[in-house]
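Please read the structure below before turning to the comments.
The values are calculated or read from the model by the stated rules, or taken from the named source; none is laboratory data. All values derive from a computational prediction rather than experimental measurement. Note that each Cβ is placed from the backbone with ideal geometry, even for glycine, and that neighbours are counted across all protein chains shown. Side chains included, ligands, DNA and RNA excluded: accessible areas come from the protein's heavy atoms. Shrake-Rupley method; radii C 1.70, N 1.55, O 1.52, S 1.80 Å.
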Amino acid sequence: MALRAVNANVGFDSCCRSTFVSPMPSKSRSSREHNSFVFRCSQVSITESENSLIEALVGTQGRGRSSSPQQLNAIERAIQALERLGGGVPDPTNSSLIEGRWQLIFTTRPGTASPIQAAASIEDGKRILFRFDRAAFSFKFLPFKVPYPVPFKLLGDEAKGWLDTTYLSHSGNLRISRGNKGTTFVLQKQTEPRQKLLTAISSGVGIKEAMDALISLNRKSGEEEPELEEGEWQMIWNSQTVTDSWLENAANGLMGKQIIGKNGRIKYVVDILLGLKFSMTGNFVKNGAKVYEVTMDDAAIIGGPFGYPLEMDKKFILEILFSDGKVRISRGENEIIFVHIRPDALR
């Protein structure tokens, strides 16, 4: 029986609405609202059985707390139909569709939804194993989370559990899970702020708003100031209109990759054509919170083992506005805003 550890948290992290964080981050979806219940559906076709569950959930409140016996029976029948038909995504916990934040919209034990996060691992492509390790209350009117004191280390096996994903829709927006204590959960996908930004860049709409939301979220989180992290970063968007000179664009970091190395080394790499590359290297020194002084002074056109040096140099201040190790927003020369991603970290 293979056990694969994942770097993630799972749990319910709000005292007023419960959110399940799957072991990886999510695709976008649109929304519709009916009475007190909000269910977001992707603009893709849904099966008749999925629609039966959606319709049964309309009007429920408190994640099922106020549901009538008739509603509960209809919901359970719809859940069992989806599980019995087996028309969902096979091997669901190994599917990229499970990535992202999931909001709990119904449970057979509504009074037990807790503000707990847990370390997670995946077993057999269906079961998520977890151990509760920390908890917090999250209030909209507070910019920080309030710790929820629970002696998890003293609870031993009582702090462990598992969730079987018994159904995951092909749209990636509907999920059914059953827990080790016999509880059934119905969850819907939430789009993370990072994914909203990537979607906005892809569509060219709402980029500034999505970027501001991500930066604001970083400030409210109370986490350490973002740093210039090592790795290969691909530039996917910038606020500067490119010029007619590709060489100038490359030297300004408006295209290609940025490689952050050890010992304060930085490098721009741009593929040109026929195996030729533009390369420009330099150094950076941190001189304040989130702020770096960058000096680029070694440029060349590279072709195989040969290089043709170019007389180019630049010196500018780079400010890191947001970074989570996968997406980075920065402000560089001439107040240009950049969005970079680490392709290897997003896989």
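Laid out as a table, the results:
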| quantity | calculated |
| --- | --- |
| Residues being modelled with pLDDT of 65 or more, open to solvent by less than 60 Å² (accessible area, probe 1.4 Å) and farther than 16 Å from residue 99 by Cα - total across region 146-165 | 1 |
| Of all residues making up region 322-335, the number that are at pLDDT 95 or above and hydrophobic (A, V, I, L, M, F, W, C) | 1 |
| Wholly enclosed strands (runs of 3 or more DSSP E) of region 181-281 bearing at least 3 residues within 23 Å of the chain's Cα centre (by Cα) and buried (at least 18 other Cβ atoms within 10 Å of the Cβ) | 184-190, 231-238 |
